[in-house]
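What follows is a set of notes on a single structure, which appears directly below.
The values are calculated or read from the model by the stated rules, or taken from the named source; none is laboratory data. Keep in mind that this is a model prediction, so the values were computed, not measured. No Cβ is skipped: glycine too gets one built from the backbone with ideal geometry, and neighbour counts run over all protein chains shown. Heavy atoms of the whole protein, side chains included, go into the accessibility calculation; ligands, DNA and RNA do not. Shrake-Rupley method; radii C 1.70, N 1.55, O 1.52, S 1.80 Å.
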Amino acid sequence: LAIGKLMSLLEDRLASREVVHGVLMDVLGLGVLLVGESGIGKSECALDLVLRGHRLVADDTVEIRRRAESVLIGTCPELTRHHVEIRGLGLINVTDLFGVSSTRSSKRVELVVHFERWDESREYDRLGLDVATTDILGIAVPLVIMPVAPGRNLAMLVEVAARNHLLRARGRHAARELTDRLERRLEQLADRDDE
């Protein structure tokens, strides 16, 4: 028992680490890392997600360490734990405002949502057939590029991205299912035309 605890402690202390500018949330049990340029709305989105019943892990500075072959664990520096900076309001303590169930000390990083300013000239993925990834400490993590524009409800979109990721992990891929149905329908129509 003591050897096992010592091995676990050493593995944790010697793990590869990286510090990321972003916000880490527990959304429906899924560790979602929000990244993007400063001032784009990551902290406001995190606060909105907390109001929707999800949990804050870290705001602004996320310490990520690699455990085992494919596990990334994100935490918050002790000094800023449970705090969020909201421009115009300043620093707020999420635990004091919303209770202990609104935060957690660490979470596995399983999905990255990258906020970027909406660019009219850019072609954004509209079907979601391809699964993009980003590299963190040598591990490929699923990535969603989220264009930010006035009027978009980022918290709702992040929650839907998390739900969609969970469904995909269970083998349900809405875009592929729809394209498969369309292809079958087109084949049926082609068969009718051949008759």
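Looking only at the range 101-125, which residues are surrounded by 14 or more Cβ atoms within 10 Å (Cβ to Cβ) and over 14 Å from Leu72 (Cα atoms)?
The answer is Ser102, Thr103, Arg104, Val113, His114, Phe115, Glu116.
Return the residue satisfying two criteria in turn: it lies in the range 86-100 and is open to solvent by 90 Å² or more (accessible area, probe 1.4 Å) and not hydrophobic (A, V, I, L, M, F, W, C), and of such residues it is nearest to the chain's Cα centre (by Cα).
So the residue we want is Arg87.
Cβ-Cβ distances below 8 Å connect the following pairs, each with a first residue in the range 37-61 that is among the basic types (Lys, Arg), a second residue that is modelled with pLDDT of 95 or more and part of a loop (DSSP other than H, G, I, E, B), and a separation of six or more residues or different chains: Arg55/Arg104.
Conditions (1) surrounded by fewer than 22 Cβ atoms within 10 Å (Cβ to Cβ); (2) out of contact with any Phe, Trp or Tyr (no Cβ under 9 Å at 6 or more places or on another chain), marked per residue:
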position: Val20; (1), (2): yes, yes
position: Val35; (1), (2): yes, no
position: Gly39; (1), (2): yes, yes
position: Val62; (1), (2): no, yes
position: Ala68; (1), (2): yes, yes
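Only one of the listed residues (Arg184, Arg168, Arg176, Arg163) is basic (Lys, Arg) and free of Cβ contacts under 8 Å to residues at least 24 places away in the same chain. That residue is Arg184.
If I ask for residues that are touching a helix residue (DSSP H, G or I) at 6+ places or on another chain (Cβ under 7 Å) and open to solvent by 80 Å² or more (accessible area, probe 1.4 Å), which ones from the range 126-145 would you list? Let's see the steps before the verdict.
So in the range 126-145, the residues touching a helix residue (DSSP H, G or I) at 6+ places or on another chain (Cβ under 7 Å) come out as 127-129, 142, 144.
Passing the criteria: only Leu127.
Find the residue count for the range 36-92, including only residues that are β-branched (Val, Ile, Thr) and more than 24 Å from Leu137 (Cα to Cα). Within the range 36-92, residues that are β-branched (Val, Ile, Thr) and more than 24 Å from Leu137 (Cα to Cα) number 5. Only a single item in (1) more than 19 Å from His21 (Cα to Cα); (2) under 15 Å from the mean Cα position of the chain (by Cα); (3) without any contact (Cβ under 8 Å) to a residue 24 or more places away in the chain is not met by Asp135, and it is number (1).
Tally time: how many residues in the range 150-195 are of a type in the set (Val, Ile, Thr) and under 25 Å from Asp48 (Cα atoms)? Outline the logic, then answer.
Filtering the range 150-195 down to residues of a type in the set (Val, Ile, Thr) leaves 158, 160, 179.
Subsequent filtering for residues that are under 25 Å from Asp48 (Cα atoms) retains 158, 160.
So the answer is 2.
Leu79 meets the conditions (1) in contact with a His (Cβ under 8 Å, 6 or more places away or on another chain); (2) in a helix (DSSP H, G or I); (3) closer than 17 Å to Val19 by Cα; (4) not aromatic (Phe, Trp, Tyr) in every case but one. The failed one is (1).
For the range 12-71, list the strands (runs of 3 or more DSSP E) that sit wholly inside it and hold at least 2 residues that are among the small types (Gly, Ala, Ser); which are they?
Qualifying strands (runs of 3 or more DSSP E): 30-36.
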